[in-house]
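Student: Before I ask anything, here is the structure I am working with.
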Amino acid sequence: MTAGESHGSRLTAVVEGVPSGLPLLASDIDGELARRQRGYGRGGRMKIETDRVELIGGVRGGETLGSPIAMAIVNRDFENWVDRMSPAPLPAPAPPVTRPRPGHADLAGGLKHGRYDLRDILERASARETASRTAVGGVCRKLLGAVGIDVFAHVVSIGDVEAHVAAEMPFDEVRALARASEMACADALAEARMKDAIHDGSHAGDTLGGVFEVVATGVMPGLGSHVQWDRKLDGRLAQAMMSIQAMKGVEIGAGFAAARTRGSRVHDAIHYDAAVRRFARPTNRAGGLEGGITNGEPVVCRVAMKPIATLKKALASVDVKTKEAFEAAFERSDVCAVPAASVVGEAMMCIVLADALLEKFGSDSLAELVRNVAGYRAQLTDY
C-alpha cells in the first residue's frame, strides 16, 4: 500500500508478507528510483527531485525481519508548496484549481468526491505516486532474485517509431542494451529516431506515448491458478500494468497479433528435453502463461502508454465552478515518459510475481523459501 501526494512532504509505502532474512539495503531500492527518473523527454520535476528511500520499519542490520516493511521518499519540492499542501490548517486559503485538464483524473475525481478544488484529486492521481511503487518493486525484485527470477523491460516504440529486436536475440543481450540506453531501447538506430520524434513533438507543443515490453526470466511453471478468475496470473498482471498512470493497453505474449493469425501458427508446441528432464517450447507466443498459470517459459507483457495528457498545445475544457469554457492551463510536464514507465512496469511485474511466489511457497523466512523452491524444481524433473 502506498500513500502521499505529488507535492506533499513525502511518499510512503508499506509492504507486508516479505519473509525474514532477505538482504535489503536502501541502495538496492535507490538504483531503481534513479532509473525511473531518467530518460530523454522528461520534465522539470526530475531536475528538482533526487529520489532516495528511507527504510523506517521491517529491516534491521541489512535484513528483513518478516514484519511489515515501511519506506519513505521525501519530496524536495514540498518546500515550495507548504502554503498549499501542508496537512495543518493553511494560513490563508489556497487558490483552488477549478479548471480540469482533459486526459487527467481531475474532473472524474472531482465529480466522484464532490471536490471543487481539483488539487485534492490531481495531487494523488499524479504519476509521482509511481515512485512509491518502484520502491516496493525494488523489494520484490530482491526476493525474486533470491530464487533465480529476473525482470527487465525495454521500449519497443515511441509514437510511430518502432524498434527492431531480432527474435533470436538472447534476453540477456536485450536487457544489457536496454539498460545502457537513455530510451531503454535495445535498437540503437531506433533510439536516435525516437529522440528526434520527441524533440519534434516538444517543439510542436505536443507529447508522445509508446509501447514497452516487460520480461521475467527464470520463472518456474506453476505460479498462478486456473481455478478462479481472480487468481489467474495473466489477469493479475494485466490489472497491475493497467493501473499505472496513462496505460491504455496490455498484451500477453503474441497478444492482439494472435487474434489475426490461425491457431496452428499461434499455439506453442511442447517438446521434452531429456538431457535436463524438463518440458520446453520452441516458441513462446503464449508469453509464458497458459490457463492463468506460468508454464516455465519467460513471462512477456507489452504495455501501451498514451501520450502525456498535460499539453503546451492547450485543449478545450470547462471551469467546474463558473461553467465557462477555457483552454486548459499548462504546468511543467514530460514530453515523453515511456522509458520511465517501463521501469514502473518492471516494478509491477515484480510485485505480482513476488505475490504469486509467496502464495505458492508460503514461506516465513528466506531460507525456507529457497528450500521450498529448490524442492519444487527437483520435483518437476520427476514429472
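Student: Cβ contacts < 7 Å: first residue of a type in the set (Ser, Thr, Tyr), restricted to the range 90-119; second residue surrounded by fewer than 16 Cβ atoms within 10 Å (Cβ to Cβ), any location; separation 6+ or different chain. Result?
Tutor: As it stands, the answer is Thr98/Tyr116; Thr98/Asp319; Thr98/Lys321; Tyr116/Pro96; Tyr116/Lys321, since those pairs meet every condition given.
Student: Checking His104 against (1) in a helix (DSSP H, G or I); (2) surrounded by 19 or more Cβ atoms within 10 Å (Cβ to Cβ), which single condition isn't satisfied?
Tutor: (1)
Student: State all residues of the range 299-339 that are over 30 Å from Met220 (Cα atoms), small (Gly, Ala, Ser) and surrounded by 14 or more Cβ atoms within 10 Å (Cβ to Cβ); if no residue qualifies, say none.
Tutor: If we filter the range 299-339 for residues that are over 30 Å from Met220 (Cα atoms), which is where we start, we get 306-337.
Add one more test, that the residue is small (Gly, Ala, Ser), and what stays is 309, 314, 316-317, 325, 328-329, 333, 337.
Within the range 299-339, Ala309, Ala314, Ser317, Ala328, Ser333, Ala337 meet the criteria.
Student: Got at least one residue in the range 157-177 being among the hydrophobic types (A, V, I, L, M, F, W, C), buried (at least 19 other Cβ atoms within 10 Å of the Cβ) and touching a Phe, Trp or Tyr at 6+ places or on another chain (Cβ under 7 Å)?
Tutor: no
Student: Please specify each residue of the range 107-121 satisfying the condition of being surrounded by 22 or more Cβ atoms within 10 Å (Cβ to Cβ) and under 21 Å from Ile244 (Cβ atoms).
Tutor: Of all residues in the range 107-121, those surrounded by 22 or more Cβ atoms within 10 Å (Cβ to Cβ) come to 118, 121.
Ile121, the sole residue that qualifies.
Student: Anything in the range 129-154 that is in a helix (DSSP H, G or I) and closer than 24 Å to Met183 by Cβ? List them, or say none. I'd like the intermediate steps shown before the answer.
Tutor: First, the residues of the range 129-154 that are in a helix (DSSP H, G or I): 129-145.
Selection gives Glu129, Thr130, Ala131, Arg133, Thr134, Ala135, Gly137, Gly138, Arg141.
Student: Then there is this: Given the criteria farther than 16 Å from Ala153 by Cβ, without any contact (Cβ under 8 Å) to a residue 60 or more places away in the chain and within 31 Å of the chain's Cα centre (by Cα), does Arg236 qualify? Let's see the steps before the verdict.
Tutor: Values: farther than 16 Å from Ala153 by Cβ: yes; without any contact (Cβ under 8 Å) to a residue 60 or more places away in the chain: no; within 31 Å of the chain's Cα centre (by Cα): yes.
No: the conditions fail for Arg236.
Student: Can you name every residue in the range 225-234 that is surrounded by 15 or more Cβ atoms within 10 Å (Cβ to Cβ) and more than 19 Å from Glu346 (Cβ to Cβ)?
Tutor: Initially, the range 225-234 is screened for residues surrounded by 15 or more Cβ atoms within 10 Å (Cβ to Cβ), giving 225, 231-234.
Across the range 225-234, the qualifying residues are Ser225, Arg231, Lys232.
Student: Here is a check on your reading of the model: is Arg36 of a type in the set (Lys, Arg), buried (at least 20 other Cβ atoms within 10 Å of the Cβ) and in contact (Cβ under 8 Å) with a residue 24 or more places away in the chain? Give the steps one after another, and end with the answer.
Tutor: Values: of a type in the set (Lys, Arg): yes; buried (at least 20 other Cβ atoms within 10 Å of the Cβ): yes; in contact (Cβ under 8 Å) with a residue 24 or more places away in the chain: yes.
Considered against the rule, which asks whether it is of a type in the set (Lys, Arg), buried (at least 20 other Cβ atoms within 10 Å of the Cβ) and in contact (Cβ under 8 Å) with a residue 24 or more places away in the chain, Arg36 comes out as yes.
Student: Examine the range 114-121 for a residue that is more than 27 Å from Leu55 (Cβ to Cβ), part of a loop (DSSP other than H, G, I, E, B) and aromatic (Phe, Trp, Tyr), and state whether such a residue exists. Can you show your working first?
Tutor: Pass one, the range 114-121, residues more than 27 Å from Leu55 (Cβ to Cβ): 114-121.
If we keep only those that are part of a loop (DSSP other than H, G, I, E, B) too, we end up with 114-118.
Pick out the ones that are also aromatic (Phe, Trp, Tyr) and you get 116.
Yes, the conditions are met somewhere in the range 114-121.
Student: Among what's in the range 317-357 and is in a loop (DSSP other than H, G, I, E, B) and among the hydroxyl-bearing types (Ser, Thr, Tyr), pick the residue that is nearest to Thr130 (Cα to Cα). Outline the logic, then answer.
Tutor: First pass over the range 317-357, keeping only residues in a loop (DSSP other than H, G, I, E, B): 319-324, 328-337.
Subset that is among the hydroxyl-bearing types (Ser, Thr, Tyr): 322, 333.
Numbers: Thr322: 33, Ser333: 15 Å.
Filtering the range 317-357 for residues that are in a loop (DSSP other than H, G, I, E, B) and among the hydroxyl-bearing types (Ser, Thr, Tyr), the one nearest to Thr130 (Cα to Cα) comes out as Ser333.
Student: Within the bounds of the range 67-83, is there any residue that is in a loop (DSSP other than H, G, I, E, B) and modelled with pLDDT of 95 or more?
Tutor: Looking for residues that are in a loop (DSSP other than H, G, I, E, B) and modelled with pLDDT of 95 or more, one finds at least one in the range 67-83, hence yes.
Student: What tally of residues in the range 291-333 results from selecting those that are acidic (Asp, Glu) and over 25 Å from Ile244 (Cβ atoms)? Working first, answer last.
Tutor: Taking the range 291-333 as the starting set, the residues that turn out to be acidic (Asp, Glu) are 297, 319, 324, 327, 331.
This time we only want the ones that are over 25 Å from Ile244 (Cβ atoms), so: 319, 324, 327.
Of the residues in that region, 3 qualify.
Student: How many of the residues in the range 368-383 are part of a helix (DSSP H, G or I) and either more than 28 Å from the chain's Cα centre (by Cα) or without any contact (Cβ under 8 Å) to a residue 24 or more places away in the chain (or both)?
Tutor: Result for the range 368-383: 11.
Student: Can you give me the number of residues within the range 178-205 that are surrounded by fewer than 16 Cβ atoms within 10 Å (Cβ to Cβ) and either out of contact with any Phe, Trp or Tyr (no Cβ under 9 Å at 6 or more places or on another chain) or at positive phi (or both)? Outline the logic, then answer.
Tutor: Here is the first cut: in the range 178-205, the residues surrounded by fewer than 16 Cβ atoms within 10 Å (Cβ to Cβ) are 179-180, 182, 188-189, 192, 196, 199-200, 203-205.
Narrowing the set further to residues that are either out of contact with any Phe, Trp or Tyr (no Cβ under 9 Å at 6 or more places or on another chain) or at positive phi (or both) leaves 180, 188-189, 192, 196, 200, 203-205.
Of the residues in that region, 9 qualify.
Student: Also, I was wondering about something else. crowded, with 18+ Cβ neighbours inside 10 Å, touching a residue at least 12 places away in the same chain (Cβ under 8 Å) and either of a type in the set (Lys, Arg) or farther than 25 Å from Ile198 by Cβ (or both): which single residue out of Arg285, Arg281, Arg277 fits that description? Walk me through how you get there before you give the answer.
Tutor: Working: Arg281 fails: crowded, with 18+ Cβ neighbours inside 10 Å; Arg277 fails: crowded, with 18+ Cβ neighbours inside 10 Å.
Answer to the check: Arg285.
Student: Scan (1) under 17 Å from Lys142 (Cβ atoms); (2) surrounded by 15 or more Cβ atoms within 10 Å (Cβ to Cβ); (3) over 24 Å from the mean Cα position of the chain (by Cα) for the single condition Ala70 breaks and write down its number.
Tutor: Answer for Ala70: the failing condition is (3).
Student: Can you tell me how many residues within the range 265-296 are within 30 Å of Ala337 (Cβ to Cβ) and among the charged types (D, E, K, R)?
Tutor: Pass one, the range 265-296, residues within 30 Å of Ala337 (Cβ to Cβ): 284-289, 294.
From what's left, among the charged types (D, E, K, R): 285.
Matching residues across the range 265-296 total 1.
Student: Taking the conditions exactly as written (surrounded by fewer than 16 Cβ atoms within 10 Å (Cβ to Cβ), free of Cβ contacts under 8 Å to residues at least 60 places away in the same chain and assigned to a helix (DSSP H, G or I)), does Glu54 satisfy them or not?
Tutor: On the way: surrounded by fewer than 16 Cβ atoms within 10 Å (Cβ to Cβ): yes; free of Cβ contacts under 8 Å to residues at least 60 places away in the same chain: yes; assigned to a helix (DSSP H, G or I): no.
So Glu54 does not fit the description; no.
The values are calculated or read from the model by the stated rules, or taken from the named source; none is laboratory data. Small disclaimer: the values here were computed from a predicted structure and weren't measured. Virtual Cβ from ideal backbone geometry, glycine too; neighbours counted across all protein chains shown.
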